[in-house]
Amino acid sequence: MKVCSVKFKENGKAYYFKYEDELKLNKNVTVVVDTEKGEQFAKVCEPLVSEYKTFDINKMKTVLRLSTKKDYSTYMRNTKEAHEALLFAREVAEKNKLEMRFVDASFTLDRKQLTFNFVADERIDFRNIVKEIAAKFKTRIELHQMGVRDNSKEIGGIGMCGRQLCCSAFLSGMETISINMAKNQGISLNPTKINGCCGRLLCCLSYEDEVYSAHRKELPKMNSMIKTPDGEGKVVALDILNKKYTVDIKGDRHEYEVE
């Protein structure tokens, strides 16, 4: 058995599936895979994954086959009907005066399940909505509440750097971002500077945090008193990436570099 990674959405997360050696997979080919929800249409993003030691291959779901014209036709029809279901769900939510915003909807290839993603500021009791949608589309309904980061990933956009949002461009997962990362890098804690389009802390704060943390261990702490070749003084500035620090010694400033 071999292992590949596939995506169900263009900007979605990559998932691992096993497949028989006889099945020849190439990048960007479409396949039908077996999932807990039923059969699904997916695109191969990595035909042969060599490093999957953290996963048990025996517990992985299987790539059933390369997709056929019939599979593609079914997928396109399901996509069209899922959009109709999305519009219907929005009408039902508005009728029930629920503070929720439906983002997207998708059928499994075998139509055993219809999944909706929505955004809401708080927990929503959507049992009545599920019953009404299930009665119309005659299939199992699943509603999944998304976070604001996931919503931004779905919608996409341009960040303050002028490039496509990292979450929708290449990030396959969402890391935990903390305010300490901004503090660690000496960035102003102005929300307009450290928050992204989603209103949460910028994902890119984590990119260089490991380097900053490693360099900080070699530098003295701000406002600490240290001894230098020029005498004892107070640390008043840090240049973390260049491993330099400035010490105030009796009113005169001296710059030093970590050896």
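The values are calculated or read from the model by the stated rules, or taken from the named source; none is laboratory data. Predicted model only: the values in this text are computed from it and were never measured. With ideal geometry, Cβ positions are generated from the backbone for all residues, glycine too; neighbour counts draw on all protein chains shown. The protein model used for the area step is the full one, side chains on, heavy atoms only, and it has no ligands, DNA or RNA in it. Shrake-Rupley method; radii C 1.70, N 1.55, O 1.52, S 1.80 Å.
Points to keep in mind about this one:
- Which numbered condition I133 misses (of (1) open to solvent by less than 90 Å² (accessible area, probe 1.4 Å); (2) over 30 Å from V31 (Cα atoms); (3) part of a helix (DSSP H, G or I)): (2)
- Answer from C197, C203 - the residue that is open to solvent by less than 50 Å² (accessible area, probe 1.4 Å) and touching a residue at least 24 places away in the same chain (Cβ under 8 Å): C203
- Residue match in segment 220-243 (condition: among the basic types (K, R), touching a helix residue (DSSP H, G or I) at 6+ places or on another chain (Cβ under 6 Å) and open to solvent by 40 Å² or more (accessible area, probe 1.4 Å)): yes
- Among (1) modelled with pLDDT of 90 or more; (2) under 28 Å from E10 (Cβ atoms); (3) open to solvent by 60 Å² or more (accessible area, probe 1.4 Å) - the single one T139 does not satisfy: (3)
- Segment 69-105, subset more than 23 Å from R123 (Cβ to Cβ) and among the polar types (S, T, N, Q), residue nearest to the chain's Cα centre (by Cα): T79
- Some residue of segment 205-216 being of a type in the set (F, W, Y) and part of a helix (DSSP H, G or I): yes
- Qualifying residues in segment 145-191 (those that are open to solvent by 40 Å² or more (accessible area, probe 1.4 Å) and β-branched (V, I, T)) - the one farthest from the chain's Cα centre (by Cα): I187
- Qualifying residue in segment 218-228 (condition: in contact with a Leu (Cβ under 9 Å, 6 or more places away or on another chain) and free of Cβ contacts under 8 Å to residues at least 12 places away in the same chain): no
- Here T68 does not qualify as touching an Asp or Glu at 6+ places or on another chain (Cβ under 7 Å), over 20 Å from S168 (Cβ atoms) and among the polar types (S, T, N, Q).
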